[in-house]
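The values are calculated or read from the model by the stated rules, or taken from the named source; none is laboratory data. These numbers were taken from a predicted model, which means no experiment stands behind them. With ideal geometry, Cβ positions are generated from the backbone for all residues, glycine too; neighbour counts draw on all protein chains shown.
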Amino acid sequence: MNYNWNWGIFFQPNPMGTGTYLDMLLSGLALTLKTAALAWVIALITGSIVGVMRTLPSKGANWFGFAYVEFFRNMPLLVQLFLWFFVLPELLPKAAGLWLKQLPNAPFWTAAIGVGLFMSARVAVQLQAGIGSLPRGQRMAATALGLTTVQGYRYVLLPMAFRIILPPLTSEFLNTIKNTAVAITIGLLELTGQARSMQEFSFQVFEAFTAATILYLLVNAVVVTAMRFLERWVAIPGYITGK
Amino acid sequence: MLGNFDFDVIRRALPYLFYEGMTFTLTLTALAALGGLVFGTALALMRLSGLKLLGRIAGLYVDFMRSLPLVLVIFWFYFLVPYIGQWLTGASRPISVGAFASSLITFIMFEAAYFSEIMRAGIQSISRGQPAAASALGLTYAQTMRYVVLPQAFRNMLPVLITQTIVLFQDTSLVYVLSITDFLGAASKVAQRDGRLVEMYLFAAIVYFTISCIASFGVRRLQSRIAIIR
């Protein structure tokens, strides 16, 4: 292979004047984590609401949940980001559209909201499955005890369902982190984006991508380990994963 | 607002969008699904082979691929494949690989990791008596897999495999980062040339949505049919 390896490149100053190339990649990592964190909060909140709606004894709520999930699941994430970023400001009234276009950090907010809503459909499906996996008696017992529907969900169904779906939620969280890389297309300089621009500035393709790869693997390992602790901590006694 | 929505720009772009763009997207999806299935099955067999080292290698590969974003993998292979080609052919400089070949290799290698997990679940879902009966009949390992285990595993997992292919179909849009003319790439090129981002991106969204919706509806029907037979 006639490729000029230069692992020292990471400690050379980057052309943006923001420190070394390594600093550049680390700032990308920070942005990846920030975007993913906000996206995950959005995904969890909206996903939980939609997931609950799909299990409510109401035709309208079921239908809305179904339509919501199908809408966000049947379009590529990239296309959804383009819709939020390029199309939405044009469809809004002029003033609102202009405000949206001039928003500082527009790629960040678009990416966080876009990825968040995209993932919320997946969270909703998981939660629906989690609630569905509970014995019917739980819901009935809640009603028999005189709990309202809201109380039944709050105190009986959701605490069980969330703990059951913790493992699939972990992988959805990892997917959220990975999916923020798609936002490179709307100009978000997250980890993949920074690796790409490092490659363009320095021509050290493989060093840049190797570093990004290692950082992604590290993040993955940290999340998996942390979630395993969480799983053990909230495990339900009596279930296979319980104590 | 939608007042100056220009339908004509879509109509004029239709041949380009579908003959160039959609053909690329669908060919890439089909070939990548096929290749991913073959490699994925091989990986799954490696993992379940009982040979420690082989299983370790396959497991590492799957975990590695699954913890990286697809965009990064696309970039990796885009730059790496010419060097691998050089190494394989012994050429004096990195060989140039076309956009299609490069993205096809990327998607096969990437999807193999996901298909292998599906096939592993499929193989494990088969009751132990089946391979036991096969070896009682004197079938070799290869024959057991070929005639007994894999056909059933494949059939049981068919809905999941197709669902994964729908995901793959949507993911192929990410070749956009290499400025390749797939369906979304074609739409985006027209959008930028004519300054018609709203029309083209909305249209692209509707097309992706319609195809994926029809396909996942098909999967649901298939699932209920399989469920009745079993």
Looking at this structure, is B:Phe24 touching a Gly at 6+ places or on another chain (Cβ under 9 Å) and among the aromatic types (Phe, Trp, Tyr)? yes
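Could you say whether any residue in region B:96-113 is within 11 Å of another protein chain (Cβ to nearest Cβ), aliphatic (A, V, I, L, M) and farther than 26 Å from B:Leu158 by Cβ? Spell out how you get there, then give the answer.
Residues of region B:96-113 within 11 Å of another protein chain (Cβ to nearest Cβ): none.
Scanning region B:96-113 turns up no residue that is within 11 Å of another protein chain (Cβ to nearest Cβ), aliphatic (A, V, I, L, M) and farther than 26 Å from B:Leu158 by Cβ.
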All-but-one check, A:Trp63 against (1) away from chain B (no Cβ under 14 Å); (2) buried (at least 17 other Cβ atoms within 10 Å of the Cβ), failing number (2)
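Going through B:Arg155, B:Arg196, B:Arg220 one at a time, which residue ends up being out of contact with any strand residue (DSSP E or B) (no Cβ under 6 Å at 6 or more places or on another chain) and more than 14 Å from chain A (Cβ to nearest Cβ)? If you could, list the steps in order and put the result at the bottom.
On the way: B:Arg196 fails: more than 14 Å from chain A (Cβ to nearest Cβ); B:Arg220 fails: more than 14 Å from chain A (Cβ to nearest Cβ).
Selected residue: B:Arg155, the only one of B:Arg155, B:Arg196, B:Arg220 that is out of contact with any strand residue (DSSP E or B) (no Cβ under 6 Å at 6 or more places or on another chain) and more than 14 Å from chain A (Cβ to nearest Cβ).
Matching residues to (1) over 15 Å from A:Leu174 (Cα atoms); (2) at pLDDT below 90:
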| site | (1), (2) |
| --- | --- |
| A:Ile186 | yes, no |
| A:Leu189 | yes, no |
| A:Gly193 | yes, no |
| A:Ser197 | yes, no |
| A:Val205 | yes, yes |
| A:Thr213 | no, no |
| A:Tyr216 | no, no |
| A:Ala221 | no, no |
| A:Thr225 | no, no |
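To keep it simple, each residue is scored yes or no on (1) within 14 Å of chain B (Cβ to nearest Cβ); (2) β-branched (Val, Ile, Thr); (3) in contact with a Leu (Cβ under 6 Å, 6 or more places away or on another chain).
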{"position": "A:Thr55", "(1), (2), (3)": "no, yes, no"}
{"position": "A:Phe85", "(1), (2), (3)": "yes, no, no"}
{"position": "A:Ala96", "(1), (2), (3)": "yes, no, no"}
{"position": "A:Gly114", "(1), (2), (3)": "yes, no, yes"}
{"position": "A:Phe118", "(1), (2), (3)": "yes, no, yes"}
{"position": "A:Ser133", "(1), (2), (3)": "no, no, no"}
Quick check on A:Gly65: is it more than 21 Å from B:Ile211 (Cα to Cα) and part of a helix (DSSP H, G or I)? no
Which is within 12 Å of chain A (Cβ to nearest Cβ) and either among the β-branched types (Val, Ile, Thr) or surrounded by fewer than 13 Cβ atoms within 10 Å (Cβ to Cβ) (or both), of B:Trp76, B:Trp87? B:Trp87
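Across region B:109-153, what is the total count of residues that are of a type in the set (Phe, Trp, Tyr) and over 22 Å from B:Asp171 (Cβ atoms)?
Going through region B:109-153, the residues of a type in the set (Phe, Trp, Tyr) turn out to be B:110, B:114-115, B:141, B:147.
From what's left, over 22 Å from B:Asp171 (Cβ atoms): B:141, B:147.
Total meeting the criteria: 2.
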Of the residues that sit in region A:154-185 and are in contact (Cβ under 8 Å) with a residue 24 or more places away in the chain and among the polar types (S, T, N, Q), which one is nearest to A:Ala235 (Cα to Cα)? A:Thr170
